[in-house]
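The values are calculated or read from the model by the stated rules, or taken from the named source; none is laboratory data. Computed from a prediction, not measured in an experiment: that's the story for all the values here. Virtual Cβ from ideal backbone geometry, glycine too; neighbours counted across all protein chains shown. Surface accessibility is based on the protein's heavy atoms, side chains included, excluding ligands, DNA and RNA. Shrake-Rupley method; radii C 1.70, N 1.55, O 1.52, S 1.80 Å.
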Amino acid sequence: MVFVFGVNFPEQRLASLERFYGVGPQLSERLMARFHIHPTAKIGALGGRQITDLNAELTKLTIENDLRRKIQDNIKRLRDMGSYRGRRHAMGLPVRGQKTRTQITTARRLNRVDRKG
Amino acid sequence: MPPSTCLRCLPIRPAPSPRPVLLCHIALPPAQTAAFSTTTNLSAAVAKKRPNSHTGPPKRGVKALNIKKTQRIKSGRPPAPGERKALRKRIVLSNTNALEVQGMPDLSDKNITDASLVCRVVGIPGLVVDSLRAVEAFKPTQGWGLFRRPAALVRKETLQLGRYIQEVETAEGKKTIRRVVVGERGSGKSTLLLQAMTMAFVKGWVVVNIPDAKDLTIGHTEYGPLFNTNPTQYVQKTYTANLLSQISKANKAVLSKLQLSQQHDLPIPIQSNISLDRLADLGARDPDVAYPIFQALWAELTAPSTKGAVRPPILFTLDGINQIMRYSAYLSSDVKPIHAHDLALVRHFINALSGAQALPNGGIVLAATCESGKPPSPTLELAVAQSEARVAGAEEVPQPHPYKAMDQRVLDSMRDVEVLRLKGLDKDEARGIMEYYAASGMLRERVDEGLVAEKWTLAGGGVVGELERESVRMRI
């Protein structure tokens, strides 16, 4: 088991950083390239130096709970201003002018003031 | 004469017999009677309306699509990590059901330039088979598992290789021969490399083989920058360790007799008179020191021979050269693709192939292209065409396309490398190998001129892989 940014990875797991909220394919590729980690590397095969570097780099980024909180703050700011977008968030309806007759399941799921992810 | 009765008035079919009159039918109107049923239409249940494209989408909460998921039946334990790969890469070198071919000569250091062996199939000596297996010279796609023991056809190009080996050994100033083997798919390029390795092993040379260059460039092994290099080179330590283990295993007989003769700056302390096979083993054990040890080993192998320490010639081979004549799948720290020539091992080979790094004890550097799943490498194609034109003494050497970017590093590396083009076998060679198939009991037909001509033609003009496929593998 290897700890990367507070998460316990099994050694046989591929060293993909997309497990973290806020790290997508592009950022993951960049980070792995920076520390010379090839795309099919297993976590167990990484050197101690690479893991500490990776941890340091991930700490600098706004990911996981920091990113969630940032998004919630943004939505809360809109709501407090009383803007249309804030109200739509609060109502759980589409924010950007989509039709509401059908197909708003995603908005119902995600658009809320205390947005989960 | 017209008939006396009007034809129109004649009845077409006989009049129906009067219907039997039943009491229950009397009251019913004729439209409600069913021809073959005694049940009335009205009392039948109303058919349920089936949903179709006109009925619109199903109501909310109604499950519209009702497909049962097929249950995956789990039988036995799942394959262990690496088990499936081992199965995929498994090399079978013997078929106990095939007949032993009587009177088949073995390749030896005496007969590698014997012209009378051309068109005959020659066995690979048992000791060499182990070495060849260690350097992964046998490929899983080749048909070794069809015959009793490993053997290969001596063709004209094989004899040519034998002559190269003799040339290197007898040359005054320790000659290096550098060739790239090209040819269409199935034309026997990898087998020719294997034959070269066989000859080198029986001659007591040191053989270093990179079995598939794809492994180096597709980004599946560890890599890391090499410090103090400009442009930055990248070391693949795990691959290097594996290569060292292969070198040590395959060349044990030769390397165990050679000892360290120079001072090397290595990260681990080593005995001053350690034998070279043990040195390679040390590198194979620890990937972190593999590359420095590989460099030390190469320095030792290419150290000038003295009376006390004679260094043997080297055969350095690589299969799949088109994989290293392009950008690799690795990324540098600023997220730019790394050119394959910046990978340390690849560069090492390219230096040897281009002649930038000499082999002072002589040797042969051989590379073969790989045609299956080959990546586009237009510069290599141009370089091959240029080389062929140069050798043929053509007046016009092909020039790069003016509006297409060419890879200058590839052109530079191939500047004075000669090309050995493998074409199809000729009829005599085809006959030789087909007689071997028949003697092994794998081809159950009389090998005569007609059959040879038929198979030769069907094999696209004697392409040996196709010839094997249609004569031995294919069962209709």
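A few notes on this one:
- Distant-in-sequence amide contacts of B:ASP106, defined by a placed amide H-H separation under 5 Å and a gap of 5 or more residues or a different chain, comprise B:GLY123.
- Calculated FRET efficiency for the pair A:ARG112/B:ALA44, C-beta based, R₀ 45 Å, to 0.05: 0.25
- Gyration tensor verdict on the protein assembly as shown (Cα atoms; rounded if a/c is under 1.5, prolate if a/b is larger than b/c, oblate otherwise): oblate
- With both labels modelled 7 Å from their Cα along Cα-to-Cβ, the A:THR105 to B:TYR403 distance reads 5.0 nm.
- Distance in nm between pseudo-label sites at A:ARG49 and B:LEU266 (7 Å out along the Cβ direction from Cα): 2.1
- Charge dipole (the stretch A:65-110, unit charges on Cβ, about Cα centre) - positive-most of A:GLY86, A:ALA107, A:ASN65: A:ALA107
- Number of partner chain Cβ atoms within 10 Å, mean per residue of A:29-41: 5
- Cβ charges +1 (Lys, Arg) and -1 (Asp, Glu), total dipole of chain B, debye: 3440
- Taking 7 Å steps out from each Cα toward its Cβ at B:ALA80 and B:ASN230 produces label points 5.0 nm apart.
- Kirkwood-Stokes translational diffusion coefficient of the stretch B:386-476, alpha-carbon pairs, 4 °C, 1.567 mPa s, µm²/s: 80
- Eligible lysines near B:LYS48 by straight Cα distance, threshold 21 Å, same-chain separation 8 or greater: B:LYS59, B:LYS63
- Solvent-accessible ranking of B:THR176, B:THR317, largest area first, probe 1.4 Å: B:THR176, B:THR317
- 5 angstrom amide H check on B:SER328, placed H, neighbours 5+ away: B:ILE338, B:HIS339, B:ALA340
- If R0 is taken as 30 Å, the Cβ-Cβ distance between B:GLU172 and B:ASP212 corresponds to a FRET efficiency of 0.25.
- Subset of B:LYS174/B:LYS307; B:LYS110/B:LYS189; B:LYS156/B:LYS423; B:LYS203/B:LYS249 violating a 19 Å alpha-carbon distance limit: B:LYS110/B:LYS189
- Taking a straight line from the alpha carbon of B:LYS404, these lysines sit under 26 Å away, with near neighbours fewer than eight places off in the same chain left out: B:LYS214, B:LYS336, B:LYS374.
- Once the C-beta distance of A:ARG87 and B:ILE91 is scaled by a Förster radius of 56 Å, the resulting FRET efficiency is 0.20 to the nearest 0.05.
- The stretch B:172-421, accessible area per residue, ligands and nucleic acids excluded (1.4 Å, Å²): 43
- For the protein assembly as shown, DSSP calls about 35 percent of its internal beta bridges antiparallel.
- Among A:79-85, B:404-410, B:244-250, the peptide with the highest mean count of other Cβ atoms within 10 Å heads the list, and the full ranking is B:244-250, B:404-410, A:79-85.
- The charge dipole of the protein assembly as shown, taken about its Cα centre with unit charges on the Cβ of Lys, Arg, Asp and Glu (plus for the first two, minus for the last two), comes to roughly 5220 debye.
- Under 5 Å between amide hydrogens, built in the peptide plane, is the criterion, and for A:HIS38 it picks out B:TYR223 among residues at least 5 positions away or on other chains.
- Prolate/oblate/rounded label for the stretch B:119-235 (Cα gyration tensor, a/c 1.5): oblate
- Dipole magnitude of chain A, debye to nearest 20 (Cβ charges: Lys/Arg +1, Asp/Glu -1, about Cα centre): 960
- When the charge dipole of the protein assembly as shown is built from unit charges on Cβ atoms (+1 for Lys and Arg, -1 for Asp and Glu) and taken about the Cα centre, the candidate among B:GLY76, B:ALA459, B:TYR234 whose Cα reaches farthest toward its positive end is B:GLY76.
- The sum of -39500 (n - 2.57) across all DSSP H runs of n ≥ 4, divided by the residue count of chain B, sets its helix-only mean residue ellipticity at 222 nm to -9500 deg cm²/dmol.
- The contact between chain A and chain B removes approximately 900 Å² from the accessible area (both sides summed; 1.4 Å probe; ligands, DNA and RNA excluded).
- With every protein chain in place, the stretch A:65-110: carbon and sulfur % of accessible area (1.4 Å): 45
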